[in-house]
1. Any idea which residue in the stretch 55-67 is nearest to T116 (Cα to Cα), counting only those that are in contact with a strand residue (DSSP E or B) (Cβ under 6 Å, 6 or more places away or on another chain) and assigned to a strand (DSSP E or B)?
2. Return a yes/no flag: does the stretch 68-82 have any residue that is outside any strand (DSSP E or B), of a type outside the set (F, W, Y) and surrounded by 14 or more Cβ atoms within 10 Å (Cβ to Cβ).
3. Looking only at the stretch 114-126, which residues are open to solvent by 30 Å² or more (accessible area, probe 1.4 Å) and at pLDDT 90 or above?
4. Residues that are under 30 Å from K93 (Cα atoms), open to solvent by 60 Å² or more (accessible area, probe 1.4 Å), assigned to a helix (DSSP H, G or I) and at pLDDT 95 or above: does the stretch 44-54 have at least one?
5. Can you tell me how many residues in the stretch 55-67 are touching a residue at least 24 places away in the same chain (Cβ under 8 Å) and surrounded by 13 or more Cβ atoms within 10 Å (Cβ to Cβ)?
6. Return the residue satisfying two criteria in turn: it lies in the stretch 83-94 and is open to solvent by 50 Å² or more (accessible area, probe 1.4 Å) and assigned to a loop (DSSP other than H, G, I, E, B), and of such residues it is nearest to S105 (Cα to Cα).
7. Looking at Q10, Q3, which is the one that is in contact with a Pro (Cβ under 6 Å, 6 or more places away or on another chain) and surrounded by fewer than 18 Cβ atoms within 10 Å (Cβ to Cβ)?
8. Can you pull out the residues in the stretch 1-43 that are under 21 Å from C64 (Cβ atoms), touching a strand residue (DSSP E or B) at 6+ places or on another chain (Cβ under 7 Å) and part of a helix (DSSP H, G or I)?
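The values are calculated or read from the model by the stated rules, or taken from the named source; none is laboratory data. All figures in this text were calculated on a predicted structure; none of them were measured in a lab. We place every Cβ from the backbone using ideal geometry, glycine too, and count neighbours over all the protein chains shown. Just so you know, the surface numbers come from the protein's heavy atoms only, side chains and all, with ligands and any DNA or RNA stripped out. Shrake-Rupley method; radii C 1.70, N 1.55, O 1.52, S 1.80 Å.
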Amino acid sequence: MTQGYNEIRQATLAWADAFCAPMPAGLTELLRLADADIHFTDPFNDVRGRDGLAAILTDMTERCVEPRFVVLDVAASERAGYIRWRFTFRPVKSPDQDWEFTGMSEIHVDPCGLITAHHDHWDSASQLLAKLPLIGWPVRRIARSLSVTPPRR
C-alpha cells in the first residue's frame with residue numbers, strides 16, 4: 001500500500017490533535033497512533049518504541065504544571081508531515097514562572113497510517129538554556145558573539 005500527501009496529512013492532523021489533548025489523558029491516543037517502534041527525538045532525548053515515548057511524556061507531566069501544546073500550523077508533503085507548535089508550562093519547582101517554547105515537529109507515517117517517527121526541532125539554546133541561572137549568561141554571550149550585525153544604511 002502506498003501513501004501520498006492526503007494520507008500523511010490526515011495522520012499528521014490526528015497526531016497533532018492527540019498532542020494537544022491534556023496529558024496524561026492524551027497519551028493513550030498518541031500511543032494508539034504510534035508504531036510499536038516509533039523513533040522520538042528532541043534536543044535532549046532520543047528514544048525508540050511506545051514505552052520510550054510514554055516515558056518522555058510521563059516525565060513531562062511530572063516536571064511541569066499544566067503542560068500544554070497548541071498547534072499553530074500543520075503541513076504535509078509526500079514524504080512527511082510537519083507540525084508547528086507552542087508549548088507552555090510552569091515548572092513544578094517554580095510554579096510561579098511561565099515558560100513557552102515554539103518549535104516544529106517532523107512526522108513520518110507508515111503505509112498503514114501509524115506514526116513511525118516524531119522529530120522535534122526547536123532552539124533549546126535561546127528558548128531554554130539562555131534563561132537558566134548560572135549557564136544563561138555564557139549561552140547568551142556565545143549567541144551574541146555568533147550573531148551578525150547588519151550593515152548600516
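1. Only one residue fits best here, namely P67.
2. yes
3. Across the stretch 114-126, the qualifying residues are L114, T116, H119, H121.
4. Yes, that holds for at least one residue.
5. So the count comes out to 7.
6. Filtering first and then ranking leaves V92.
7. Q3
8. Within the stretch 1-43, W15, A16, F19, C20 qualify.
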